[in-house]
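Engineer: For reference, the structure I am asking about is given below.
The values are calculated or read from the model by the stated rules, or taken from the named source; none is laboratory data. Note that the structure is predicted; figures quoted are calculated from it, not measured. For neighbour counting, all protein chains shown are included, and Cβ atoms are generated from backbone atoms with ideal geometry for every residue, glycine included. Note: areas computed on protein heavy atoms with side chains; ligands, DNA, RNA excluded. Shrake-Rupley method; radii C 1.70, N 1.55, O 1.52, S 1.80 Å.
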Amino acid sequence: MKRALIALAFLLGLGLAQDGKALYERQCAACHGPTGQGVPGAIPPLAGNPRVQDEAYVVKVVREGLSGPLEVNGTAYNGVMPPMPQVSEGEARAIAQYLAGLGGAPREAAPKPQLAGDPALGRALYLGQKAFQNGGAPCQACHTVAGVGFLGGGSMGKDLTDAAQRLGGEAGLTALLQNPAFPVMRAAYQGKPLTEAEASALAAFLVQVSEEAPRPSSLYLGRFLVAGLVLLGVLLLYQAALWQLRPQSLAERIRKELRR
């Protein structure tokens, strides 16, 4: 009986580990790599990371996200991991147990990637000047980027001017765009995923934006200019409407009668 219970526990543990691996590949591998190797200087590794031995910590990070500076195996990181509330606590625990089983020394990390995407293509995709292959909405519908677009963009999403610094540079952004962790973005692009080339181009564009973002003074001046032109147009239309509705003078009424 005791042996049967031990065997059952072993099989349950094996099944949980397999589920954790599948969940990791679906939810985490796009950013942290298929073997948990991470991206040097951008996304911390999970294989050989002593923090992953703390199951409660991993569950909290998966479900609530993590931001701010941290150091892993002597390398500093300062990005943002968005929360993944769509991952249940049980699923997060399975991921944590899978990561704890990786153990050992950090897996060999891939070399830090160079800028590979096309920023010009990324800009066109962001503005909607070029459509996404699978029919997704242009980024500007929900987001803003300093100095890009005539009226700035949508207000539903977060400003993306500093997204490259917050989300792991081009490598982190490319992975995140292909496997969105934000619930609204995940729902918006469900069934309409970005291709690798599109994600890479957008990431390269956002990296370029972060390096060339206009100074606040010039940005605000442009916005005030646009607002002023819009207000002037509204005032002119209002004045024209008042002119049409004004009472006619006697001379105007006489001229009108004579034209008939």
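Engineer: Assess whether Gly135 counts as being under 23 Å from Glu64 (Cα atoms) and among the small types (Gly, Ala, Ser).
Structural biologist: So Gly135 fails the test.
Residue-by-condition table, conditions (1) surrounded by 23 or more Cβ atoms within 10 Å (Cβ to Cβ); (2) out of contact with any Phe, Trp or Tyr (no Cβ under 9 Å at 6 or more places or on another chain); (3) part of a loop (DSSP other than H, G, I, E, B):
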{"site": "Gln165", "(1), (2), (3)": "no, yes, no"}
{"site": "Glu170", "(1), (2), (3)": "yes, yes, no"}
{"site": "Lys192", "(1), (2), (3)": "no, no, yes"}
{"site": "Ala204", "(1), (2), (3)": "yes, yes, no"}
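Engineer: Would a scan of the range 88-111 turn up a residue that is at pLDDT 85 or above and either under 20 Å from the mean Cα position of the chain (by Cα) or on the phi > 0 side of the Ramachandran plot (or both)?
Structural biologist: Checking the range 88-111: not a single residue is at pLDDT 85 or above and either under 20 Å from the mean Cα position of the chain (by Cα) or on the phi > 0 side of the Ramachandran plot (or both).
Engineer: Taking the range 34-47, which residues are surrounded by fewer than 18 Cβ atoms within 10 Å (Cβ to Cβ) and either of a type in the set (A, V, I, L, M) or in contact (Cβ under 8 Å) with a residue 40 or more places away in the chain (or both)?
Structural biologist: Thr35, Pro40, Gly41
Engineer: Here are some residues: Gly228, Gly152. Which one is open to solvent by less than 60 Å² (accessible area, probe 1.4 Å) and modelled with pLDDT of 70 or more?
Structural biologist: Gly228
Engineer: Would you check which residues across the range 54-71 are open to solvent by 70 Å² or more (accessible area, probe 1.4 Å) and either within 14 Å of Arg166 (Cβ to Cβ) or aromatic (Phe, Trp, Tyr) (or both) and list them?
Structural biologist: Selection gives Tyr57, Ser67, Pro69.
Engineer: Restricting to the range 122-136, and then to whatever is among the hydrophobic types (A, V, I, L, M, F, W, C) and open to solvent by less than 50 Å² (accessible area, probe 1.4 Å), can you tell me which residue is farthest from Glu198 (Cα to Cα)? Steps first, please.
Structural biologist: Step one: list which residues in the range 122-136 are among the hydrophobic types (A, V, I, L, M, F, W, C), which gives 124-125, 127, 131-132.
Still in the list and also open to solvent by less than 50 Å² (accessible area, probe 1.4 Å): 124-125, 127, 132.
Values: Ala124: 10, Leu125: 8, Leu127: 13, Phe132: 7 Å.
Ranking the candidates gives Leu127 first.
Engineer: Within the range 172-187, track down each residue that is touching a residue at least 12 places away in the same chain (Cβ under 8 Å) and outside any helix (DSSP H, G or I).
Structural biologist: Asn179, Ala181, Phe182
Engineer: Of the residues that make up the range 5-27, is at least one within 18 Å of Gln178 (Cα to Cα), open to solvent by less than 80 Å² (accessible area, probe 1.4 Å), at pLDDT below 90 and in a loop (DSSP other than H, G, I, E, B)?
Structural biologist: Looking through the range 5-27, none of the residues is within 18 Å of Gln178 (Cα to Cα), open to solvent by less than 80 Å² (accessible area, probe 1.4 Å), at pLDDT below 90 and in a loop (DSSP other than H, G, I, E, B).
Engineer: Go through (1) at pLDDT below 90; (2) out of contact with any Gly (no Cβ under 8 Å at 6 or more places or on another chain) for Arg63 and report which single condition fails.
Structural biologist: (1)
Engineer: Among (1) within 24 Å of the chain's Cα centre (by Cα); (2) at pLDDT 70 or above; (3) not aliphatic (A, V, I, L, M), where does Arg215 come up short?
Structural biologist: (2)
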